[in-house]
Amino acid sequence: MAREDRSMDIGLVGLGKMGGNMRTRLRNAGHTVVGYDRNQEISDATSLADMVEKLPSPKVVWVMVPAGDPTRSTIAELKELLGEGDLVVDGGNSKYTDDAINAASLAEKGIGFVDCGVSGGVWGLQNGYALMYGGKPEDAEKVMPALEALKPEGTPDGLVHCGPTPGAGHFSKMVHNGIEYAMMQAYAEGWELLDKVDIVENVPEIFASWRTGTVVRSWLLDLLVDQLRADEHLDKIRGYADDSGEGRWTVEAAIENAVPMPAISASLFARFVSRQEDDVAMKAIAAMRNGFGGHAVISESEA
């Protein structure tokens, strides 16, 4: 519930790596957060029902649980607990096609729905999150104080209404992740070549030199430099990388819309190759994924 000082009460379901940090950032901004997690050691409520009971009306609940069935079942349960004028925000990595279904289901009871793609990984607490949201403007306004608290400070960017149609936010985040796949693949292939030839030395510092003044500088490059300085040849990491699913969905959407995506599709298939044999370039992908999202890596000793 928004107040004159723009602080609000909000329920937050899922207090893992992302959700837990989001709760802290929201509280640091003066918002009242009632968090629920199946891990009762970090939860503020004993159940979803208990969390909802602790919120004033109109109630706003932000869901940060794994995509697919966990999100669908959570939203279905919230539908029975919430009422007209309340709002559900899906901030996970749900497939955009789920959003229209969830929005229509919640609308049967007059409950609003906003889908929000969230990017920032484990560094979001410190740096803020890029937020791409979809849904009716009047629904988004109910959660706007929280959105403003979560976005990066000191910039007009980082928070964008992607469209009024449910799924616009998650579709935008999906494309973002597809681009991320291709960028990481390019860095990884370049690293493998530099690391392999005899005429080049000090590969970590070569990558570090690109961070200033070049067109390939990025946060991903910063993370890769940190990993290479700690383990120059990435000997401790197996060349295996999972995919979150969003790269696949991006390629599927490209096929459906006849949009050519040779770079993104190739980067997705390269991850599939990594699961068949130890891929040298994929060591760098695994290292970057660990750097920005805390994704687990498989060590060589575990292979």
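Hey, what angle do you get for helix 17-28 against the long axis of the chain, alpha-carbon based, 0 to 90 degrees rounded to 10?
Tilt relative to the chain: about 60 degrees.
Can you send over the carbon and sulfur percentage of the accessible area for the range 15-78, probe radius 1.4 Å, protein chains only?
Of the solvent-accessible surface of the range 15-78, carbon and sulfur hold 49 percent.
Give me the percent of DSSP beta bridges within the range 60-142 that run antiparallel, rounded to the nearest 5.
Antiparallel: roughly 40 percent of the beta bridges in the range 60-142.
Please give the per residue accessible area of the chain, computed with a probe of 1.4 Å over protein heavy atoms only, in Å².
47
For the chain, modelled as a Gaussian network with Cα springs under 10 Å, which listed residue fluctuates most, G14, G245, G134?
Taking springs between Cα atoms under 10 Å, the residue moving most is G245.
What is the ratio of the Cα radius of gyration of the chain to 2.2 N^0.38 Å, with N the residue count, to two decimals?
In units of the 2.2 N^0.38 Å rule of thumb, it is 1.07.
Once the Cα atoms of helix 137-150 and of the chain are each reduced to a long axis, what angle between those two axes, in degrees from 0 to 90 to the nearest 10, is obtained?
50
Report, to the nearest 10°, how far helix 246-256 tilts away from the longest principal axis of the Cα atoms in the chain, using its own Cα long axis and a range of 0 to 90°.
90
Considering only DSSP states other than H, G, I, E and B, which GluC sites (Glu not before Pro) in the range 85-162 qualify as loop sites with at most 10 other Cβ atoms within 10 Å?
Those that pass, being in a loop and sparsely packed, are E108, E153.
Given the protein chains as shown and a 1.4 Å probe, how many square angstrom of T24 are accessible, to the nearest 10?
Approximately 50 Å² of T24 is accessible to the 1.4 Å probe.
How high is the relative contact order of the chain, in percent, with contacts defined as C-alpha pairs under 8 Å that are six or more residues apart?
Relative contact order comes out at 14 percent.
Run the simple label-point estimate for V273 and E153 please: 7 Å along Cα→C-beta, distance reported in nm.
Distance between label points: 4.5 nm.
Among G91, G169, G83, which one shows the biggest mean-square fluctuation in a GNM of the chain, springs joining Cα atoms closer than 10 Å?
G83
Quick one: which residues, 5 or more positions from G163 or on another chain, have an amide H under 5 Å from its amide H? H modelled 1.01 Å from N in the peptide plane, none for Pro or chain starts.
G135
Restricting the count to DSSP beta bridges whose residues both fall in the range 1-62, what percent are antiparallel, rounded to a multiple of 5?
About 10 percent, rounded to the nearest 5.
The values are calculated or read from the model by the stated rules, or taken from the named source; none is laboratory data. In this text, all values refer to a predicted model and were calculated from it rather than measured experimentally. Positions of Cβ are backbone-derived with ideal geometry, glycine not excepted, and every protein chain shown enters the neighbour counts. These area figures cover heavy atoms from the full protein model, side chains too; ligands, DNA and RNA do not enter into them. Shrake-Rupley method; radii C 1.70, N 1.55, O 1.52, S 1.80 Å.
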